[in-house]
């Protein structure tokens with residue numbers, strides 16, 4: 001299909017002195033240096049940013065980033081797809097290589113969102129749901145309430161996701177929140193949307209991540225190349241009155257990806273999933289088939305998704321602790337998998353890590369997600 | 001209250017004992033939609049405007065305690081309501097006076113009142129659900 005030969009990632013967190021462009025350029029340069037590929041060899045650029053138009057009035061930012069990297073004249077494509085902006089750019093880059101359009105492409109996701117007055121993320125002011133008070137934490141809080149009602153999932157199990165996340169992030173110098181928290185501290189943090197407290201919601205962040213992708217032929221000489229086994233992008237089904245504790249879009253996207261990769265959940269050694277809220281990680285365990293429906297709370301409590309457990313999830317710290325610069329996230333997840341699959345993840349290295357899965361979702365519509373991506377990488 | 005504009009057009013209408021939600025109906029597919037839309041997303045045929053009734057049951061809910069958008073009350077409640085009159089789940093506000101009294105499975109009905117501001121920053125009316133047997137009306 002294609003391989004990843006280079007990765008770049010900046011620190012995540014408030015970076016008031018940086019611009020979207022400077023963050024994107026830093027990540028892009030690191031990715032090119034990682035694989036020692038000249039910028040002159042890049043045949044196309046894919047750039048993800050979700051909020052620049054809304055916050056700064058900036059559009060077609062990708063061309064600004066790639067021009068500073070000396071990558072001109074070639075196709076540059078800008079993507080906005082909510083929280084999957086980055087993974088969508090990756091998906092498109094992959095198609096470009098699969099179609100034989102380019103041998104080497106650079107994918108960059110960059111976001112700057114730590115600005116005064118951002119408020120809570122919503123689906124846009126023209127939407128009736130937004131005008132009736134829908135904000136993203138509320139959407140997940142309602143799923144949490146129903147999961148607790150259906151399966152007896154507890155507040156402590158929700159909090160255990162954050163406790164694990166902070167423990168992992170302490171091993172990642174680029175993560176935003178690296179201080180350990182206890183279950184009691186998580187539950188005592190300010191309430192956002194019941195039952196979710198602040199420590200159970202991912203922080204906004206400034207940051208960027210980048211990948212260099214190459215065709216199999218081009219990458220033959222790269223010993224640290226990581227194979228892309230499958231990448232799937234879907235949108236929601238928006239099935240009204242569905243079971244909101246079992247995310248059909250998650251299940252459908254994961255199933256398609258497993259089929260394409262010719263593997264099942266048991267073959268996965270590490271997962272980076274879209275833990276925007278604690279309940280989200282629990283729902284994704286179930287959607288990705290890491291446990292049976294309703295058992296996500298027990299799974300996190302058992303320690304099986306911690307570093308050293310059966311199937312470590314969000315060893316990078318995930319969105320909850322690494323931080324969530326929206327359009328960088330989908331690429332940052334893949335960067336983490338590449339670190340792990342190359343056995344270059346340092347103190348947070350997952351042992352005998354051969355196959356990794358990244359899952360990302362974005363946007364709200366009619367009680368569903370608008371966009372979902374699942375990618376499987378292997379060495 | 002009559003002087004204030006609704007938060008958006010065509011989402012509710014007055015009825016003889018309160019208010020009803022307004023949605024779209026496809027005769028061909030026998031499907032309801034909320035909010036109103038011109039075409040059925042199943043067959044792409046034209047829809048007609050229809051009443052979705054005023055009653056339902058809470059599927060799930062939350063109380064948002066952080067700084068609210070649109071000058072909504074702090075805290076404010078929202079819910080997914082499974083409507084009684086048609087097979088449809090809608091997202092809506094809850095009566096700010098009844099937070100803590102409304103739970104999953106609570107029977108509720110639609111009401112309308114002044115709440116927050118609209119996209120233009122003007123005070124406006126918003127629909128919300130309250131307990132079917134509203135204690136303040138007894």
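Cα-based radius of gyration for the range B:12-132, normalised by 2.2 N^0.38 Å, reads 1.11. Antiparallel DSSP bridges in the range B:12-132: what percent, to the nearest 5? That works out to approximately 95 percent antiparallel.
When B:59, A:285, A:151 are arranged by Cβ crowding within 10 Å, least crowded first, meaning fewest neighbours, the order is A:151, B:59, A:285.
The long axis of helix A:248-261 is offset from the longest Cα principal axis of chain A by roughly 40 degrees. Take each residue in B:55-61, count the other chain C-beta atoms within 10 Å of its C-beta, and the mean is 4.
Can you give me the relative contact order of chain A as a percent, contacts being Cα pairs under 8 Å and 6 or more apart?
Working: 924 pairs, mean separation 98.2, N = 379.
Once normalised by length, the contact order is 26 percent.
When restricted to Cα atoms, chain A yields an Rg and a Dmax of 19.1, 57 Å, respectively. The order of A:237, A:316, A:189, A:306, going from fewest to most other C-beta atoms within 10 Å of their C-beta, is A:237, A:189, A:306, A:316.
Per-residue ellipticity at 222 nm from helix content only, as computed over chain A with -39500 (n - 2.57) for each DSSP H run of at least four residues, stands at -10500 deg cm²/dmol. Considering only alpha-carbon pairs that sit under 8 angstrom and 6 or more positions apart, the relative contact order computed for chain B is 22 percent.
One Cα centroid belongs to the range A:1-59, the other to the range B:9-69; the line between them spans 43 Å.
Using Cβ contacts closer than 10 Å as the measure, can you line up A:9, A:192 from fewest to most? Please report the intermediate quantities before stating the final value.
On the way: A:9 27, A:192 23.
Starting with the residue having the fewest Cβ neighbours, the order is A:192, A:9.
Could you tell me what % of all Cα pairs in the range A:262-318 have separations over 14 Å?
Numbers: 767 of 1596 pairs.
I get 48 percent for the Cα pairs in the range A:262-318 exceeding 14 Å.
Each value in this text was obtained by applying a stated rule to the coordinates, not by laboratory testing. None of the values given here were measured: they were computed from a predicted structure. Quick reminder, even Gly has a Cβ in these numbers, built from the backbone with ideal geometry, and neighbours come from all protein chains shown.
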